[in-house]
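Before anything else, here's the structure in question.
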Amino acid sequence: MASIFEKLWRLGPAAFVLKAIVAAIAADGLLLAYILLRRAYRKHYFAKRDARVFELRQKWDQLISGEIPFGTWRKNTFDRRIVEAIALDTFEAAGPEESARLLKFLRFSGLIEKRIFEARRLTGWRRMRALVALGRTRAPEGISALAEGLRDRSLDIRLAALRGLGRMACPQAAEEILAWVGEVGLSVPALPLQSALIQCCAERPQLLLPYVQHAEGHLREILGRVLGEVATPSLGLDLLQFVGDDLDELRAAAARAMSHTKSGLAFDLLNELARDPIWFVRLRAIVSLGKLSDPRAIPSLLRGLTDSNRLVRLRAAEALIELKTDLALVFAQVVQTRDRYGLHAFLTALENADLRGKLEGEIQAGAKITNEEKDHLLKVLQAGALPAEEPPKTEEARDKAAVLP
């Protein structure tokens, strides 16, 4: 009697097809078994984790206060990961007192030191995970380990370290980031670097000045943009050097920093910057002129009211509203510009400040305004538009040059 192998041999090429079919069925069966086994394991794991999270949550206050010895859960990898995850998630919505309490717990339990060690010794995704966790703790002692991560060859690890330093939001983290970009230049995307520096330099923006002065190319543009966001009045004199800079962001930073500088030089420079060809530089200059609360700024603010950019017009109108001067006379000058868009911006600012009634009263009681002018101004105020005999200025030429936000 012929064996099964002899029968297969007689089939010829069909035997190979049959073998392939059997192999495919076996492979599919093994794959299906693996999927089902993995699903069963994950279901068991998540059920076990959920139950353990519930147990730890019931005694959370005793756990972080130290009433429950740290050794009861720290040696268990499963429990340690759960406790750390709960603590870091709680950080995101915690107030100052709760944050200090959690940070103290992470220090005394040794979790921060463990993450610092892993951030320095591990490689690959394990190091990246340690850097992310270390950044979420916002512990100052982790800054040096995060700074070392900035010099890793992997872009993902550098980004994790950069975001971690950004979460620190302190000058020490800013110093590490600036020292790093000063050494290697721009080795990460611009947006994460800009975001991290804005968070870290808000307290001490003067840290940026020497790096802005010596940086070149795209990096200088990024640092200038950051300086424009964090500049404060205390930098007024230091930023005078950037008033005529070729970089738009630095001129905007100079305009912003001079908003509280009570000097004739600052006023003259802001008037000059209010004529800048770049809309956001003009915007910063108009806002700073408004903060000076000086009636001498009215001509520049009226010019800003006829600007090609909508935001500049709105900020100029708000500045005019807030000036400590006769509102009726200011409104008369706005009407005299015969600019429809400027008038709309002024009326919008007037409504937002709830000063329409005050303006009507000042117009009616104005001693420096003739009766004919009073009637004219009241008609414009009530109609919200210029009279038909006064055609508004066209905006076609302005729209061609405007860079709308």
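The values are calculated or read from the model by the stated rules, or taken from the named source; none is laboratory data. This structure is a prediction, so every number in the text was calculated from the model and none was measured. Don't worry about glycine lacking a Cβ; one is built from the backbone with ideal geometry, like all the others, and counts go over all protein chains shown. Each accessible area value is taken on the protein alone, full model and side chains, heavy atoms only, with ligands, DNA and RNA left out. Shrake-Rupley method; radii C 1.70, N 1.55, O 1.52, S 1.80 Å.
Mind jotting down a quarter of the surface of the convex hull over the alpha carbons of the range 235-284, in square nanometres, one decimal?
Spelled out: convex hull of the Cα atoms, projected over all directions, averaged, 2.9 nm².
Now for a different question. Please list the helices of the chain that count as membrane-span-like by this rule: a mean Kyte-Doolittle hydropathy of at least 0.5 together with Cα atoms stretching 30 Å or more along the helix axis, each helix being a complete DSSP H run.
Correct list, ordered by number: empty.
Ordering CYS201, CYS170 by accessible area with a probe of 1.4 Å, largest first, what comes out?
Largest to smallest exposure gives the sequence CYS170, CYS201.
Whole Å is fine, so just give me how far the alpha carbon centre of the range 220-286 lies from that of the range 324-365.
If you average the Cα positions of each part, the centres end up 28 Å apart.
Over the chain, what is the mean sequence separation of C-alpha contacts under 8 Å (at least six apart), divided by residue count, expressed as relative contact order in percent?
This gives 7 percent for the chain.
Provide the solvent-accessible area of GLU175, counting protein heavy atoms only and rolling a 1.4 Å probe, rounded to the nearest 10 Å².
Roughly 90 Å² of GLU175 is accessible to a 1.4 Å probe.
Given a Förster distance of 60 angstrom, what is the FRET efficiency for ARG74 paired with GLN241, based on the Cβ-Cβ distance and rounded to 0.05?
After rounding to 0.05, the efficiency reads 0.65.
With θ set to phi - 60° and the Karplus curve 6.51 cos²θ - 1.76 cosθ + 1.60, what are the ³J(HN,Hα) couplings of the range 234-247 in order, to the nearest whole Hz, using x for Gly and Pro?
5, 8, x, 5, 5, 8, 4, 5, 9, 4, x, 5, 6, 7
Let me ask you something else. If you count only protein heavy atoms with a 1.4 Å probe, what accessible area per residue comes out for the chain, rounded to a whole Å²?
On a per-residue basis, the chain sits at 55 Å².
Still on this structure, please answer the following. Arrange the residues ASP152, ASP79 by how much accessible surface each exposes, largest first, with a 1.4 angstrom probe.
ASP152, ASP79
Moving on to the next point. Find out how many positive minus negative residues lie around ARG251, taking Lys and Arg as positive, Asp and Glu as negative, among other residues whose Cβ is under 11 Å from that of ARG251.
That works out to -3.
Using R₀ = 22 Å, calculate the FRET efficiency as 1/(1 + (r/R₀)^6) where r is the Cβ-Cβ separation of ALA383 and ASP326; round to 0.05.
So the FRET efficiency works out to roughly 0.50.
Leaving out ligands, DNA and RNA, and with a 1.4 Å probe, what % of the accessible surface on the chain is carbon or sulfur?
55 percent
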